[in-house]
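The values are calculated or read from the model by the stated rules, or taken from the named source; none is laboratory data. Computed from a predicted model, the values in this text were never measured in an experiment. All Cβ positions, glycine included, derive from the backbone under ideal geometry; neighbour counts span all protein chains shown.
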Amino acid sequence: MPKPLTEQVVVVVGASSGIGRATALALAACGARVVCAARGIEALGTLVEQIEQAGGQALAVPTDVADPLAVQALADAAERWYGRIDTWVNLASIGVWGRVEDITDAEFERVLRVNFLGSVYGVRAALPALRRAGGGGIIAVSSAEGVRSVPLQAPYTASKFAVRALQDALRMELAQEDVRISVTTVLPASVDTPFFEHARSRLGGTMPKPPPPVYAPEVVADAIVFAAEHPRREIPVGGAAAAFMLSQRLLPALTDAVFSLRRVGAGSQRANRPDNGVDNLDTPLGGPGRVHGAHPGRVLRHSLYTWLIGRRRRPGELLTAAVSRVGRQRSANECQLADSPPSQTRSA
């Protein structure tokens, strides 16, 4: 079982705003020591200040997740400052809205480098530290769009599919080892964060918006906090995320047809306000950082589905845990045999 949060050191990558900031605040409120990483130096500073004013402990480490050396330096700083890492949370994401033919090659590459390769770099930096700590957890925030694609978000959706696949591969590989490292993927529906205001728009001068229903960032943060103490394979956040997963599994072609309708697919993602021409695709935005976005519509503060069903363990998870236990027992037996003195035979 993972340690209680009061005994954990948690690295949150992408902590400057939105879900990441809400997660860092929630973890600190539960007693964890939080290492906050992002590109925005001012936003990280205000986050650490807010945590410390509330009586928590936090460390700011400015980090560009697209740079593997910077991510490794983040892990080194966390171990050097707090002595170990117990949970690593990959959250950093950027986005470009537009038709596939209108998004440049460089924009596709940048989104995949930050959203997907940033997670790869995080996993590779975290694993040695988690092994040194005797175990822990890796949590990644994918998306409901990591299960079901939607129009106008090809780079983001592709990156979230890739993050989910990375987590799945890692989970199976670790289950074969004598190591207690859990792997959890969180799959949120639409969330009211500054992400949409920070994204680059190729929508003809219109700012993107989250399609309804829209949830508060704290709903996702609660799921991440839960996973830090109670690892799960996947946690869909919001009933809409569950609907995405179900529609993709049962009626993928019909779902294609529904999202092909202009009012449903493209129309639900266009805000009634002009794009401000500002984005964080290549460089971080200044400012103190915010948890919430500027969504003018209804924002759901709770998800009954996630609370009652999304957090439950699935039967397959129990089987994977059994495979892992068998692997640990086999490794323990092999170590005992290796440490045993060789048997001696008597001469007649």
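Listed values, structure above:
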| read-out | value |
| --- | --- |
| Test result for Q153, touching a helix residue (DSSP H, G or I) at 6+ places or on another chain (Cβ under 9 Å), polar (S, T, N, Q), surrounded by fewer than 19 Cβ atoms within 10 Å (Cβ to Cβ) and over 30 Å from C30 (Cα atoms) | no |
| Scope segment 205-215; condition touching a Ser or Thr at 6+ places or on another chain (Cβ under 9 Å) and assigned to a loop (DSSP other than H, G, I, E, B); matching residues | K209, P210, P211, P212, P213 |
| Qualifying positions in segment 222-239 - part of a loop (DSSP other than H, G, I, E, B) and more than 16 Å from T6 (Cα to Cα) | P231, R232, R233, G238 |
| Residue that is farthest from D86 (Cα to Cα), among those in segment 166-206 that are among the acidic types (D, E) and crowded, with 18+ Cβ neighbours inside 10 Å | E197 |
| Lone qualifier among R124, R110 - being of a type in the set (K, R) and free of Cβ contacts under 8 Å to residues at least 60 places away in the same chain | R124 |
| Residue within segment 55-71 that is small (G, A, S), over 17 Å from A129 (Cα atoms) and surrounded by fewer than 18 Cβ atoms within 10 Å (Cβ to Cβ) present | yes |
| First in segment 54-76 and more than 16 Å from G289 (Cα to Cα), second anywhere and surrounded by 16 or more Cβ atoms within 10 Å (Cβ to Cβ) and among the acidic types (D, E), Cβ under 8 Å, 6 or more apart | A70/D64 |
| Which numbered condition F161 fails, given (1) crowded, with 23+ Cβ neighbours inside 10 Å; (2) part of a helix (DSSP H, G or I) | (1) |
| Residues (of a type in the set (A, V, I, L, M, F, W, C) and under 14 Å from the mean Cα position of the chain (by Cα)) located in segment 171-194 | V183, V186, L187, A189, V191 |
| Only one of G267, G287 that is within 26 Å of E107 (Cα to Cα), modelled with pLDDT under 75 and surrounded by fewer than 16 Cβ atoms within 10 Å (Cβ to Cβ) | G267 |
| Enumeration of residues in segment 77-113 that are within 18 Å of V123 (Cα to Cα), outside any strand (DSSP E or B) and of a type in the set (S, T, N, Q) | S93 |
| Residue within segment 9-18 that is at pLDDT 95 or above and in a helix (DSSP H, G or I) present | yes |
| Criterion (of a type in the set (G, A, S) and touching a Gly at 6+ places or on another chain (Cβ under 7 Å)) met by exactly one of A92, A73, A77 | A92 |
| Residue within segment 122-140 that is in contact with a Gly (Cβ under 7 Å, 6 or more places away or on another chain), in a helix (DSSP H, G or I), on the phi < 0 side of the Ramachandran plot and among the charged types (D, E, K, R) present | no |
| Subset tally (residues that are surrounded by fewer than 22 Cβ atoms within 10 Å (Cβ to Cβ) and not hydrophobic (A, V, I, L, M, F, W, C)) for segment 208-233 | 10 |
| Residue within segment 96-111 that is in contact with a Ser or Thr (Cβ under 7 Å, 6 or more places away or on another chain), closer than 27 Å to D178 by Cα and of a type in the set (V, I, T) present | no |
| Test: residue in segment 268-286 that is under 24 Å from E145 (Cα atoms), among the hydroxyl-bearing types (S, T, Y) and out of contact with any Leu (no Cβ under 8 Å at 6 or more places or on another chain) | yes |
| Within segment 167-204, considering residues that are in a helix (DSSP H, G or I) and among the small types (G, A, S), the one nearest to H302 (Cα to Cα) | A169 |
| Verdict on V278 being within 15 Å of W97 (Cβ to Cβ), in a loop (DSSP other than H, G, I, E, B) and β-branched (V, I, T) | yes |
| Residue within segment 245-257 that is free of Cβ contacts under 8 Å to residues at least 60 places away in the same chain and either in contact with a Leu (Cβ under 9 Å, 6 or more places away or on another chain) or among the acidic types (D, E) (or both) present | yes |
